[in-house]
Structures are given as structure tokens and as C-alpha cells.
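See below for the structure under consideration.
Coordinate-derived values only; no laboratory data. A quick note: this is a predicted structure, and the numbers were derived from the prediction, not measured. All Cβ positions, even for glycine, are placed from backbone atoms using ideal geometry, and neighbour counts span all protein chains on display.
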Amino acid sequence: MKKTIVDLFEGSVKQYPNHTFLWEKTKDKFEPTSYTEVKEQVYTLGAGLMALGVKKGDNIALLSEGRNAWIISELAMFYAGATNVPLSIKLEEANDLLFRLQHADVKFIIVSGNQLKKIRAILDKLPLVQKVIILDEQPQYSEKEISLAKVIESGKVWLKEHTVDEFLTIGKSLTNDDYATITYTSGTTADPKGVILTHRNYTANVEQSLTCVNIDDTWRTLVILPLDHCFAHVVGFYIFMSQGASVATVQVGRSGMETLKNIPINIKEIKPHLILSVPALAKSFKKNIEQGIQAKGDTVKKLFNTGLEIAYTYNGEGGDDRGRGWRFILKPVVALFDKIIFSKVRENFGGELKFFIGGGALLDKELQKFYYAIGLPMYQGYGLSEATPVISTNVPKRHRFGSSGILVQPLNLKICDNDGKELPLGEKGEIVIRGENVMAGYWKNEASTAETIKDGWLYTGDMGYMGKNGLLYVLGRFKSLLIGSDGEKYSPEGIEEALVSHSPSIEQLILYNNQNPYTIALLVPNKEYLKKEVADLASETGKEEAIRIISRDINKFKKGGELYGMFPERWLPATFAVLPEAFTEQNGMVNSTMKVVRGKVEKTYANRIDALYTSEGKDPLNNENKQSL
């Protein structure tokens, strides 16, 4: 059956003409735009793109903050038969942006005023680009630039001169296999690859996701993730669009920092029912909640912490483990704490939030327990761009901490060993899937496509297993495994998460073991914390004391420590390198979804890694560590 994004949108407009589709705040309050109004804007812009010379099969880049114009631009491109190349606003012009625009053979660019200078800096290196459409009015325009208002004007003229049926010819001629987007993965290993997703990839993943989550036309979401993010794309607005529900975007500030500050304010204004999150945001929300509690004084803080402890005991592992056995007697106590304290915390999230869905990277189990306890469950989901992206998710009716939830339906999944042989239930291996949500391939990269998709099966590169309870457990990247000298393998992500969350002296950390005698850590210290703990961090004795504090934090997980037994000792770091700078997007050590790019870190610090396997380097009090502090 043919079902393109155009078909999906047309169906929703027909079914929910007067429902609000988009909410946007540009001045002092959020303004609604109905499905019918959005359709009119999409038609006008789509016609304007045709008048501008956009042809079926052209690639158009979209570089903008999340806003109505982003969503309307993408839909308009589809009616003109074009493919969207959505770009992250975090990309810098020099390499990343230029690489994608050249590699994707982009002919037109739609850009916001805030991002314009990046495009202007590289436009002379983009001979294929015919026009740059600017979403915000500018004092002056170069020969290749045009304002959105002018494109809309020419769209109105075009629609006067042609019938609506003529306009719809291209949009309705699209098939399931036509390309909708080319999304560049911010790979944790090599050059970014352009993931080609078809119209059917999207509509299939919308249908699949709705087998897990029930959303109806009364729901609202505030999309706080960038819209170029595959996860935000499908779950943030296509699922909501398919159900006649409404989507708000964060008020755009003059800088990225200002936009971030608008998130908590906008949440209170929109009162969303569902928010999509990634671990970095989840941590920052938790920090804000704890600071708010701290500010209310010792009594409230004690109440809050007691309430958390009781809820942790009552909830167990979440889902059907909640209140099981003797713990059911805690139910009235949990309800009391919920009423006097946690319900007040929830008001900061608008008071109508039912749950978060976490994607992007693995969500720390402790974070999941925290949000569940305060009555705002953060359900871990799993997916990747190559799968459009949703593969599985925890949901209200079925969830367990530490799992990645139930599979979307219909979808085939198998767990394979290194040679691609299927493993029995419960055994760990590479997660391999097959379904209508599997990408068409990588743009202009046949070799990688052939490596990733074999006989219709997508090899995810992630390690995991299916539990006997029917839930998927994802353990981390298959390629980032720790490999002992005897060839035994172990996934590092869970240990890394735990080390950072239980060690106040550590800000960031990755583990390394590539067939070596022991495991090591490359870590970024939390200097603010260490400055408070050590009298003079600049002095020799201060540095030594700081290194001992870091060692003490790591040793909590080893024999005699309070967290002993959480992980096998051999995969805990025997020693560590203190690094001179944090992993950031600027130095390329973190990608746009806030995942550490292991390959880059390992390459940059290859000498430090080698040194840790010498007798002098194995002692944490080595000179390199002191210098880095």
C-alpha cells in the first residue's frame, strides 16, 4: 500500500482540520496554527519552491533552529518532490557543514538568520547551490540569496496561475521508495555517512511506534531536541501529526544558551504530555530539581531524600516489580510523599507530563529510578538513524529499568555472533533487525551500505540480548567493546555511566582495553569539586591529593569498596590518565547527540594510553597526570 509523508499529512488535515498542529512563541506567548492553516502555508511554500526552479529529486539542505518554519519547509519540499538534508545547528562551517553540503549535492539551502553567517562563509565553495532561502528578513541579500517572504509571494502567484490539482501532481506522484531525507550520522568512528530514509521508512516507523505508545488528538509535546535529530523527527512531530495532536518548539533565543534557558519556561507554558529527552538533558533536569530542593532548606531536603529512598524500595526494578511481595505495604507511604512533595516537583514540568522517552544514548539506570520515583517516568528507548530510528522502547504498560523495552511491531530481530550466526535467546551479540523502517542505504557509499545491510537485515553495530521477559537489553556499541588479553569481551558503557555518576571527582570518562593485560580509563576531572576538596590544587601536594581522591572514587567499585560487585573487577580501570581538557563538540570528541567519539579520543591520547601500560605510567601519581591538573 502506498503511504508517503504527503499521504500521511493529507489524511491528518482531512481528519483534524481545526485542531492545533503547531505552537510557536516568537514574542510573549505561544500562538497556535491549525492543521488547515499549516496545509495552506505548506502549499504556498511548496509552490514557491517550484517557481524557484526546484525539480523532483533535488536535494535541499535545511539549517535552522526548531520552529514552525522548519516543519513547514520540510513538508513543502516533499510537495515539490525534493529530498530534505536536515543539518545540525551545532555544525561549524569549516569542515563539517561544507562536507555535508558538498557530499549531498545540495542545490538549494533553507537557513535561519542565526545560522546564515555559516553559509555565507562557504557559499563560494558550493557551485551547485542555486539559491539560499533565508527564513528571517535581512538588511541585504547577495545575488544567490532570497527571503522566505519572496518565495511565499511567488508561491501565491504560482497557485493563482495553476489549479490545486496541478500543484498536487508531484506530491501525489511520490512512491514509498522515493527519498524523503538524507540524514548525516554524527558517527562515533569515521566520516559522517548520509542515511537515506524513504517516505515509507518514515510512515512505517510511525505505524510501528504507535503499537507501543498510545497518543490521541488531545496530546501536546514540546520538542526540545534539534529537529534534524531522527528521533525528534519521527517521535517528536510525525507521530503527533498522524494522530491530530499538537507540537510546540522551544522559543529561539539570540544564542544557543538563551534557547536552552527557555526550555523550563516553555515546558510550564505548553504543559506537554510527553517530552523526548537524551541523557545529557535528563542529567541537567535532575540537577535543577535537586538545586530547587536544596534551596528550600534542610527539612524539605530530608523529606525529599526520605521519599526517594522509600519510592526506590517500593518500585524495585519498575514495571510489574513495583510494590511486589512485602513491599505493597509501602503503597500509602509512597502516596503520601507523592502528595506532599513530588507532585510539587511535577508542577515545574507543567503538571500534565505523563512520561519522558529517552533516546540518543543509554540512559543510566540510576537516572531512570530517580524520575520514576518522582512520578515522571523516563522510559528508555532504543534506535538508530539507519532504522528511522525507533526499534524498541519501554512504555507505561511494559517497562523495566535497564532494559530498552518492547520491540515495535511489525519488526524482525535476531542476535548474531561475530560471524553473523544467530544466537539463542538470552545470549549476547550484535543486534540485527529487518523491517520497513530499515534505510534505503548510505548516500554515495555502496561499500558501507553493503557492510551494514545484508539480505535486507540491518546490522546495527550495537551489542545486546533479548530477555526471556520479551524485553530487549542494549549493552553498548559492538565496536567499542573492551577485549581482554584472553579475548573475552565486555561492553564499557554501563561501567562508564556508573563511574561518572558515583564519582564526584570525575566529569567524563571512557574505558580502554584492546587485548591488554588490564583495563585503563581516560578521564576528565571535575576541577570545581577538586578545588573545594583540596587546599591548593596548583601545588605539588594538592595535585597528589586530587589524584588520590579520584583513585578513591574508582576504588569504591573494587574489593572492600561500598559498590563492590557491581561489575567484574577485570573491567574496572587498574589505572587512569587525567586529561587536560574536556570532551566537547568543539574539539570533535563529542558528536551532536552528545556521545563521546571513542576513536577520536583514543587517537588523540594514543601516547597516554601506551604510557599507562608501562610501570612508571601505571602509577596514577605520574607526572603527566599532575601536569594535566
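With +1 on each Lys and Arg Cβ and -1 on each Asp and Glu Cβ, how big is the dipole of the chain about its Cα centre, in debye rounded to the nearest 20?
Details: 76 positive and 76 negative charges, 253 e Å.
Its charge dipole is roughly 1220 debye.
Residues whose amide H comes within less than 5 Å of that of T211, counting only those at least five positions distant or on another chain, are Q409 (H built at 1.01 Å from N in the peptide plane). Taking the C-alpha atoms only, the angle from helix 279-295 to the longest principal axis of the chain is near 70 degrees.
Computed from backbone phi, the HN-Hα couplings of segment 549-555 come to 5, 4, 4, 4, 4, 5, 5 Hz, rounded to whole numbers (Karplus: 6.51 cos²θ - 1.76 cosθ + 1.60, θ = phi - 60°; Gly and Pro given as x).
In whole percents, the pair-distance distribution calculated for the chain from its alpha-carbon pairs, binned every 20 Å from zero, is 18, 51, 28, 3, 0.
How do S448, S539, S480 line up, fewest other C-beta atoms within 10 Å first? Write out the running numbers ahead of the final one.
Details: S448 16, S539 11, S480 22.
Least crowded to most crowded, the residues run S539, S448, S480.
Placing +1 on the Cβ of every Lys and Arg and -1 on the Cβ of every Asp and Glu, with no other charges, gives segment 1-107 a dipole of roughly 280 debye about its Cα centre. The calculated 222 nm mean residue ellipticity attributable to helices in the chain amounts to -10500 deg cm²/dmol, summing -39500 (n - 2.57) over DSSP H runs of n ≥ 4 and dividing by all residues. Averaging 1/r over each pair of different alpha-carbon atoms in segment 234-337 and inverting the result gives 17.0 Å, the Kirkwood hydrodynamic radius.
Report relative contact order for the chain in percent, whole number only (criteria: Cα-Cα under 8 Å, sequence separation at least 6). Mind dumping the intermediate values first?
Numbers: 1209 pairs, mean separation 63.8, N = 629.
Answer for the chain is 10 percent.
Taking segment 145-267 as the region of interest, what is the percent of Cα-Cα pairs per 5 angstrom bin, listed from the shortest bin to the one with the maximum distance? Whole-percent P(r) values from 0 Å outward: 2, 9, 12, 13, 16, 20, 16, 8, 3, 1, 0.
Got a sec? Which residues in segment 325-356 would a label at K296 touch, if it sits 7 Å along Cα→Cβ and we count backbone N under 15 Å? Counting only backbone N, you get 336-351. Of all DSSP bridge pairs formed entirely within the chain, close to 55 percent run antiparallel. For the chain, the longest principal axis of the C-alpha atoms and the axis of helix 35-52 are separated by about 70°.
Ordered by the count of other Cβ atoms within 10 Å of each Cβ, fewest first, M257, M241, M566 give M257, M566, M241.
Can you put C212, C230 in order of Cβ neighbours within 10 angstrom, beginning with the fewest? Please report the intermediate quantities before stating the final value.
Numbers: C212 22, C230 28.
The order, fewest Cβ neighbours first, is C212, C230.
Sorted by mean Cβ packing within 10 Å, highest first, what order do the peptides 519-526, 496-503 take?
Details: 519-526: 23.0, 496-503: 19.8.
Order by mean packing, descending: 519-526, 496-503.
Using only alpha carbons, build the gyration tensor for segment 4-122 and give me the equivalent ellipsoid semi-axes, biggest first, whole Å.
On the way: eigenvalues 141, 69, 23 Å².
Whole-Å semi-axes of the equivalent ellipsoid: 27, 19, 11.
Mean separation of Cα pairs under 8 Å and 6 or more residues apart, divided by the residue count, gives segment 164-308 a relative contact order of 17 percent.
Remark: C-alpha extents of segment 357-509 on the principal axes read 45, 42, 34 Å, sorted largest to smallest. Under a 5 Å amide H cut-off, with hydrogens placed 1.01 Å from N, V395 pairs with I406 among residues at least 5 apart or on other chains. For helix 164-173, what angle does its Cα long axis make with the longest principal axis of the chain, in degrees from 0 to 90 and rounded to 10? Rounded to the nearest ten degrees, it is 40. Annotation: Cα Rg of segment 469-598 relative to the compact-globule expectation 2.2 N^0.38 Å equals 1.12.
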